[in-house]
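First the structure, in the form of structure tokens, and then the observations on it.
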Amino acid sequence: MSSTQALLAPSLPSQLINLLAAVMLLIAFAMLAQRRVLTLINLFAVQGLILTASTLLVAWTTSQPHLYWSALITLVLKVLVLPLILHRLIRKLNVKWDVETLIKIPTTMIVGIVLVILSFNLALPISALSGTVARGTLGIAIAIVLLAFLMMITRSKAVPQVIGFLAMENGLFFAATSATYGMPMVVELGIALDVLIGMVILGVFFFQIRERFDSLDIRHLEKLKED
Amino acid sequence: MEIFLVLGSPLLGGVLLALWGHRARAAELNVAMSCITFLAAALLTWRVIANGPMITADAQFAVDALNVFLVALTAFVAMTTAIFSRPYMRIEAAHGRLTDGRLRLYHAMYQLFTFTMLLVLLTNNLGILWVATEAATLTTVLLVSLYRTPASLEAAWKYFILCGVGIAQALFGTILLYFAAERVLGAGGDALLWTRLSAVSGSLEPTVISIAFVFLLVGYGTKVGLVPLHNWLPDAHAEGPTPVSAVLSGLLLNVALYALVRCKVLVDGSLQSPFAGNLLMGFGLLSVVVAAFFLSRQRDIKRLFAYSSIEHMGLITFAFGMGGPIASFAGLLHMTVHSLTKSAIFFAVGHATQKAGTQIIDEIQGLMKVNPTVGWGLLLGSLAILGMPPFGVFASEFLILTDAMRHQPWATPILLISLAVAFAAVISKVQPMVFGHPRTDTPLKRLPFTPAQIPLYVHLSIVLMLGLYIPPPLAEWYRQAARLIG
């Protein structure tokens with residue numbers, strides 16, 4: 001039992017992980033409140049960077065070698081490749097300075113806070129069972145997923161919706177590292193591949209939408225009636 | 001060995017067809033690769049029947065009665081749909097709706113889509129199961145938007161976002177499942193292997209497993225098209241090319257439901273309570289009711305049958321939720337007959353819409369006079385899907401209903417009323433399409449290629465046979481699979 005007791009005492013690495021988790025949550029809120037597409041992409045890249053750092057920290061404290069690989073995948077995919085693709089996309093599509101005007105930021109923030117409380121409640125029974133260093137952050141991970149979801153619902157432009165989708169993936173990866181020291185390697189590789197292919201397909205898809213509607217506003221995509 | 005042949009042939013087909021491009025005979029190559037896949041699947045089936053379940057490649061692949069039956073069905077419908085799509089897509093190209101580049105995309109993606117579905121069915125790793133399910137969405141997004149019309153782009157966007165968000169929930173469910181499994185099996189790849197998990201399912205932490213199942217249900221349920229997560233389904237079916245509607249309805253929904261059923265088995269083992277079954281019954285019943293009442297409001301023929309798919313998937317989900325040997329048997333039988341009948345209907349609908357140049361029901365009238373083969377196909381297919389004897393759908397629906405009377409009597413009237421509503425709605429729309437007077441003001445085009453009618457009638461004959469007589473080996477096979485579901 002003594003080892004469990006030692007784990008329960010807040011050690012420096014676990015406090016650091018909690019700090020990084022808090023920063024990630026903060027970024028999730030910043031994304032929720034951000035109207036400009038360009039800043040949104042940069043925020044997404046920063047979130048990926050923090051995710052990499054926290055994965056590295058967990059890998060180092062628990063000496064789980066496969067987590068280093070996981071951190072590398074996150075770094076390459078979420079910090080370098082995806083933001084790069086997104087930057088190129090918005091440049092080519094000429095939506096770099098697009099501003100989302102229709103969202104009511106204070107209302108979304110309040111809904112966001114409710115979601116955070118909800119996720120902490122949901123995580124409580126699970127993290128009580130977990131023995132990992134980062135178990136306290138599971139609530140934050142769920143909150144990031146839900147906040148990204150909220151962002152997807154409230155946006156009417158295509159690119160921010162996709163960034164919301166990717167931020168959701170970030171939250172899920174964070175949940176995987178905080179509850180279980182990461183998924184098996186083959187699964188993580190598969191997920192990374194899916195995300196990458198999905199991004200490429202979306203890129204193609206954006207151009208199709210643009211070609212057809214001359215805009216990436218998905219309010220154009222509300223013609224199919226539910227009847 | 002056979003497993004790699006089953007998986008390798010569509011994967012190779014996808015690469016080959018992407019390289020082959022729009023040269024002559026691309027459609028024939030597509031058919032040939034699908035035929036090879038089907039032969040490999042038949043071989044695999046034969047091996048499993050002869051030697052019993054097998055686990056290969058470091059336990060990464062496992063084949064038992066449940067998935068081999070779906071592998072055979074998937075490979076078969078993928079093959080017949082490829083045969084159907086050869087003239088169909090040529091006609092579309094001749095009508096100027098498709099360019100050569102898009103045909104290439106279509107053929108390559110069709111093979112890759114088959115590959116992802118077979119991977120979902122054959123893998124033993126629940127993580128790979130998730131990855132393959134997501135990949136199945138990705139391969140079909142660009143197929144739904146193949147025509148690049150505003151409506152098809154909208155449908156594809158909806159499909160991508162809704163299924164993407166849904167499937168993200170399933171990933172969270174998988175993470176939670178892994179979390180629970182890791183405590184029993186230790187960290188590493190083994191903890192997500194279904195065969196290992198089902199062996200220890202009794203000692204998985206019940207609280208975590210039940211939360212995990214809710215997420216998995218929402219995730220995979222979105223792909224099954226369960227109400228209220230079904231919004232993408234009618235649009236994707238109506239706006240994509242008809243062969244894609246046929247495989248989405250006939251195969252993808254089955255495959256997603258298969259993923260859900262595999263998870264349910266683990267949850268049942270862990271909880272020892274009907275929690276998962278009750279959830280499945282609830283969602284299933286809701287889907288049946290909502291879809292049945294939406295049917296009568298459809299004006300587009302493909303949307304009509306898309307809603308009918310939601311209804312039938314709901315019915316199968318209900319049957320699996322109820323559980324027990326009879327209901328699971330009926331659910332599996334219904335999966336088979338629905339898949340065959342629905343793809344047959346889409347074949348008929350495809351040719352009817354090509355002939356009429358529209359998908360609006362009111363504008364497609366009097367098929368019996370215009371094109372009797374398609375007219376009969378649509379009529380028989382609709383009667384079959386509505387559960388008229390002697391077709392196989394009648395047998396499975398009858399079994400589900402009688403078992404519901406015995407175990408869940410409260411649900412029977414709801415099911416019966418919904419089925420009656422669905423019957424009235426579909427028959428009142430199909431009847432004038434088949435027997436009405438052809439609209440004289442629309443001159444009928446001659447189709448530039450002869451449509452493939454054989455797949456339609458092959459499907460309908462199998463459905464008819466399953467209604468009259470289920471061969472004993474097949475019945476035994478269903479029984480074994482039903483025992484696995486519990």
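The values are calculated or read from the model by the stated rules, or taken from the named source; none is laboratory data. These figures come from a predicted structure and were not determined experimentally. Because the Cβ atoms are built from the backbone with ideal geometry, glycine has one as well, and the counts that use them run over all protein chains shown. What goes into the accessible areas is simple: the full protein's heavy atoms, side chains included, and nothing from ligands, DNA or RNA. Shrake-Rupley method; radii C 1.70, N 1.55, O 1.52, S 1.80 Å.
Across the range B:284-418, Cα pairs under 8 Å and at least six residues apart give a relative contact order of 28 percent. Only alpha carbons enter this Debye calculation for the range A:10-224, each as an equal point scatterer, and the log10 of I(q)/I(0) it gives at q = 0.11, 0.17, 0.19 Å⁻¹ is -0.53, -1.16, -1.37. The three principal axes of the Cα atoms in chain B give end-to-end lengths of 70, 54, 43 Å, sorted in falling order. Along each principal axis, taking the top coordinate minus the bottom one, the Cα set of the range B:364-467 gives 55, 28, 17 Å in descending order. Helical runs (DSSP H, four residues minimum) scored at -39500 (n - 2.57) apiece and divided by the length of chain A put the mean residue ellipticity at 222 nm at -25500 deg cm²/dmol.
Taking the C-alpha atoms only, the angle from helix B:150-185 to the longest principal axis of chain B is near 10 degrees. The reciprocal of the average 1/r between distinct C-alpha atoms defines the Kirkwood hydrodynamic radius, which for the range B:122-181 equals 12.6 Å.
Between 0 and 90 degrees, the angle of helix B:454-468 with respect to the longest Cα principal axis of chain B falls at about 50 degrees.
Residues with beta-carbon under 13 Å from that of B:TRP194, excluding B:TRP194: net charge, scoring Lys, Arg +1 and Asp, Glu -1? Result for the local shell: +1. When all protein chains stay in place and ligands, DNA and RNA are ignored, the 1.4 Å accessible-area order of B:VAL421, B:VAL120, largest first, is B:VAL421, B:VAL120.
Between 0 and 90 degrees, the angle of helix B:411-435 with respect to the longest Cα principal axis of chain B falls at about 20 degrees. Rounded to the nearest 500, the helix-only mean residue ellipticity at 222 nm of chain B stands at -26500 deg cm²/dmol, with each DSSP H run of n ≥ 4 adding -39,500 (n - 2.57).
Here A:LYS78 is the anchor, and the aspartates and glutamates within straight C-alpha reach of less than 20 Å, apart from those fewer than 8 places off in the same chain, are A:GLU169, A:GLU188, A:ASP194, B:GLU134. Each 20 Å bin from zero holds the following percent of Cα-Cα pairs in the protein assembly as shown: 18, 52, 28, 2, 0.
Give the aspartates and glutamates reachable from B:LYS355 as a straight Cα distance under 20 Å; neighbours fewer than 8 places away on the same chain don't count. Filter leaves B:GLU92, B:GLU239, B:ASP300, B:GLU363, B:ASP441.
For the range B:19-135, the Cα-based Rg and Dmax, in that order, read 16.2, 51 Å. Under 11 Å from the 7 Å Cα→Cβ point of B:ILE49, by amide nitrogen: which residues of the range B:449-486? Taking a point 7 Å out along Cα→Cβ of B:ILE49, the residues of the range B:449-486 whose backbone N falls under 11 Å are B:471-478. Modelled label positions at B:VAL200 and A:VAL186, each set 7 Å beyond Cα in the direction of Cβ, lie 1.8 nm from each other. Compactness of the range B:301-439, taken as the C-alpha radius of gyration over 2.2 N^0.38 Å, stands at 1.11.
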